[in-house]
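**Student:** Quick one: structure below, then a few questions.
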């Protein structure tokens, strides 16, 4: 049987159509892949119900009080809808976007179920294993794969405020790249710097000794002088950047200004894109003063377990995940011969390597474009 069960209309429009039955209650069964949910204390409803009466041009919102989700994918209408009225369940945009491209993934729950069915049992690779153990190793595998194999990079577009700090994303594990965006939409890399740091400021007494609170812990100051000075620094004093349109290179005053700024510069500081540091104490990114009010993009990786929609594995890495679980379970068991463990370890490494190659998405056309640049003449 085919794996795709939803229609093209359901996939692209995120909607499903029905007709009123003119009964006191009517159950609408949703068969698309998007899982519906009502608003509660932890989630926002990801769908709406709309109706279109006979002769109407477009659909209009159906009153929220007249319907509810009674099971996973069944919506119950509690007010009669005429036979001539069309009904539409429509997923909100975010739910549709999450569903797009979903065929390239397999859920972690499906991997666990498949593993228990195919690999666990008498006369199978693993004679016995608890489902809880399989779940644990599957989650650990997804975390490890997310760091350097799956590379599911997330992005946030933000504007740097006057404070020059932005909080680290909630599901952040490590950054990939930070960049600011110009008026043409082109990214410019913001570099991490070792020129400054984000120390913990300690309140001192007249003798220079750290002061403590009633619990005996050092009292921390609200603001670091180091950070404050870095935020107020004119970055041109580091980069040597000059406004050439208003400078006269033949003027002695220009040379006095340039001396010590344009000469003897270190290549690390000779760039105008700005710098950032990570303030672990406040859990935030700290930026140099020339980035104030800039539109930036934070590219980062997570561990694949933060949100429900993240707990999925690319189909190209599915075999590697099975091999990882087999190796992890057998290596944790007693009385398993070492040669068997090493065999599973080699199998895991081989399939993980294949997954990396597949997911690297390197195409011949990309190599061709790079090689074309080799024929460019550099004139002196």
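The values are calculated or read from the model by the stated rules, or taken from the named source; none is laboratory data. It should be emphasised that the depicted structure is a prediction, and the values quoted were computed from it without experimental measurement. Cβ sites come from the backbone with ideal geometry, for glycine too, and all protein chains shown count toward neighbours.
**Student:** Of 66, 37, 46, 22, which residue is outside the structural domain of residue 323 (by TED's automatic domain parsing) and in contact with a helix residue (DSSP H, G or I) (Cβ under 6 Å, 6 or more places away or on another chain)?
**Tutor:** Details: 66 fails: in contact with a helix residue (DSSP H, G or I) (Cβ under 6 Å, 6 or more places away or on another chain); 37 fails: in contact with a helix residue (DSSP H, G or I) (Cβ under 6 Å, 6 or more places away or on another chain); 22 fails: in contact with a helix residue (DSSP H, G or I) (Cβ under 6 Å, 6 or more places away or on another chain).
Checking each option against the conditions leaves just 46.
**Student:** Just to be sure before I move on: is residue 204 without any contact (Cβ under 8 Å) to a residue 24 or more places away in the chain, surrounded by fewer than 10 Cβ atoms within 10 Å (Cβ to Cβ) and assigned by TED's automatic domain parsing to the domain that holds residue 288 in the structure I sent?
**Tutor:** On the way: without any contact (Cβ under 8 Å) to a residue 24 or more places away in the chain: yes; surrounded by fewer than 10 Cβ atoms within 10 Å (Cβ to Cβ): no; assigned by TED's automatic domain parsing to the domain that holds residue 288: yes.
No, not satisfied.
**Student:** Sticking with this one: Quick check, is residue 76 surrounded by fewer than 16 Cβ atoms within 10 Å (Cβ to Cβ) and touching a strand residue (DSSP E or B) at 6+ places or on another chain (Cβ under 7 Å)?
**Tutor:** The answer is yes for residue 76.
**Student:** Kindly indicate whether residue 276 is touching a helix residue (DSSP H, G or I) at 6+ places or on another chain (Cβ under 9 Å), assigned by TED's automatic domain parsing to the domain that holds residue 190, over 25 Å from residue 98 (Cα atoms) and surrounded by 15 or more Cβ atoms within 10 Å (Cβ to Cβ).
**Tutor:** Yes, satisfied.
**Student:** Just to check your reading of the model, which residue among 32, 45 is assigned to a loop (DSSP other than H, G, I, E, B), surrounded by fewer than 17 Cβ atoms within 10 Å (Cβ to Cβ) and modelled with pLDDT under 90?
**Tutor:** 45
**Student:** Given the structure, is residue 281 at pLDDT below 90, in the same structural domain as residue 173 (by TED's automatic domain parsing) and not in a helix (DSSP H, G or I)?
**Tutor:** Answer is yes for this residue.
**Student:** Against the conditions (1) modelled with pLDDT under 70; (2) surrounded by 11 or more Cβ atoms within 10 Å (Cβ to Cβ); (3) under 25 Å from residue 273 (Cβ atoms), where does residue 227 fall short? Just the number, please.
**Tutor:** The failed condition is (1).
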